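> One structure, as structure tokens, below. Some questions next.
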Amino acid sequence: MIVFHLKNLLLDKEISFEDIAKDTKIPLEEILYLCSKHANKINFNTLNTLCHYLSVTTNELLSYEFLRIDQNTLNQKSEKLYGISAEAENLSSEILIKISNESNQLIIDIPNELYERVSAFFTK
């Protein structure tokens with residue numbers, strides 16, 4: 001899942017949503033959207049403007065994260081995982097599952113629209 005770090009960067013730099021919107025001419029509604037957990041797209045011009053204004057690279061503004069699940073949790077919840085996989089297929093999305101032998105963890109790459117549900121499922 002791609003994670004957007006705009007909200008944290010603004011907090012760290014003590015920049016308000018209103019100030020960045022005014023200074024960059026990016027609509028406040030778009031800034032608020034990009035700071036929400038529901039943001040799932042960004043225009044390259046907006047990305048370029050934000051990187052320039054904040055003096056950061058795209059690697060500081062965006063990151064790619066896997067959902068990591070330890071083997072014990074997976075064993076406890078594995079029967080219910082099939083239902084989530086079936087839902088992902090209905091969304092025409094793929095779930096990539098990779099087992100890391102070194103850390104005894106399951107690494108799942110899931111579509112953004114399922115991330116919160118799957119994460120909550122394994123952390124309860």
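Only the coordinates and a few stated rules stand behind these numbers; no lab work does. Bear in mind that the values here come from a model prediction, so they are computed numbers and not experimental data. We place every Cβ from the backbone using ideal geometry, glycine too, and count neighbours over all the protein chains shown.
> Please determine, by comparing only the residues of the range 6-46 that are within 12 Å of the chain's Cα centre (by Cα) and surrounded by 16 or more Cβ atoms within 10 Å (Cβ to Cβ), which one is nearest to Glu60 (Cα to Cα).
Taking the candidates together, the pick is Leu6.
> If you don't mind, another one. Hey, can you tell me all the residues within the range 1-34 that are hydrophobic (A, V, I, L, M, F, W, C), in contact with a Phe, Trp or Tyr (Cβ under 9 Å, 6 or more places away or on another chain) and part of a helix (DSSP H, G or I)?
If the condition is that a residue be hydrophobic (A, V, I, L, M, F, W, C), in contact with a Phe, Trp or Tyr (Cβ under 9 Å, 6 or more places away or on another chain) and part of a helix (DSSP H, G or I), then Leu10, Ile20, Leu28, Ile31, Leu32, Leu34 are the ones that fit.
> Restricting to the range 47-68, name every residue that is among the β-branched types (Val, Ile, Thr), part of a helix (DSSP H, G or I) and under 18 Å from the mean Cα position of the chain (by Cα).
The one that is among the β-branched types (Val, Ile, Thr), part of a helix (DSSP H, G or I) and under 18 Å from the mean Cα position of the chain (by Cα): Thr58.
> Also: Regarding the range 15-29, can at least one residue be identified that is free of Cβ contacts under 8 Å to residues at least 40 places away in the same chain, within 23 Å of Glu65 (Cα to Cα) and out of contact with any strand residue (DSSP E or B) (no Cβ under 7 Å at 6 or more places or on another chain)?
Checking the range 15-29: not a single residue is free of Cβ contacts under 8 Å to residues at least 40 places away in the same chain, within 23 Å of Glu65 (Cα to Cα) and out of contact with any strand residue (DSSP E or B) (no Cβ under 7 Å at 6 or more places or on another chain).
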